[in-house]
């Protein structure tokens, strides 16, 4: 059995189990920061979120309308993160063009597109009555 790969500064399991949740949270934040630094789309999403927030406040959205916006927005972020992870893994496996790895990347990018289209539909449904 192969030993689990250990990250730098990772605490060994055992007495420190209660701290592992905090350590994992820090790794997750590092992942989000990496996503923000290396990808262009998350910056666009932040601008879009800001604009929606300002419009939402201006239109006095209800709690349910805010929830209707937050859920698909979160799905877009999650899809983008998974897409980036798949791209990184595919590039790590092989730098040369391989058809199946290319298809995997295309499918992951398609997932982001579908999430974004769903988000756009929700934005129209939520804001249309306020115009």
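Readers should treat all values here as calculations from the given coordinates under stated rules, not as data from a laboratory. Being a predicted model, the structure only gives us computed values, none of them experimental. All Cβ positions, even for glycine, are placed from backbone atoms using ideal geometry, and neighbour counts span all protein chains on display.
Hey, what number do you get for the chain at 222 nm if only DSSP H runs of n ≥ 4 count, each worth -39500 (n - 2.57), divided across all residues, to the nearest 500? Rounded to the nearest 500, it is -27000 deg cm²/dmol. A full extension of the chain between residue 85 and residue 98 corresponds to an added length of 2.9 nm, given 0.36 nm per residue minus the alpha carbon distance.
In plain terms, the residue of 99, 39 with the fewest other Cβ atoms within 10 Å comes first and the most crowded comes last, giving 99, 39. Using a Gaussian network model of the chain in which every pair of alpha carbons under 10 angstrom is joined by a spring, one finds that among 69, 35, 61 the greatest mean-square fluctuation is at 61.
Measure nothing but the geometry: give the 0 to 90° angle between the long axis through the Cα atoms of 41-58 and the longest principal axis through the Cα atoms of the chain, rounded to 10°. Approximately 30 degrees, to the nearest ten. Relative to the longest principal axis of the Cα atoms of the chain, helix 99-127 runs at roughly 30 degrees. Across 92, 30, 80, mean-square fluctuation computed from a Gaussian network of the chain (C-alpha pairs under 10 Å connected) peaks at 92.
Relative contact order for region 29-131: what is it in percent, counting Cα pairs under 8 Å that are at least 6 residues apart?
Working: 46 pairs, mean separation 35.2, N = 103.
RCO, region 29-131: 34 percent.
Of the labelled options [x] 114; [y] 105; [z] 164, which one gives volume of the Cα convex hull per residue in Å³ as computed for this structure? Among [x] 114; [y] 105; [z] 164, the one derived from this structure is [z].
Extension gain for the segment residue 33 to residue 74, taken as residue separation times 0.36 nm less the Cα-Cα distance, is 13.2 nm to one decimal. Full extension of the chain between residue 26 and residue 67 yields a length gain of 12.1 nm, computed as 0.36 nm times the residue separation minus the alpha carbon distance.
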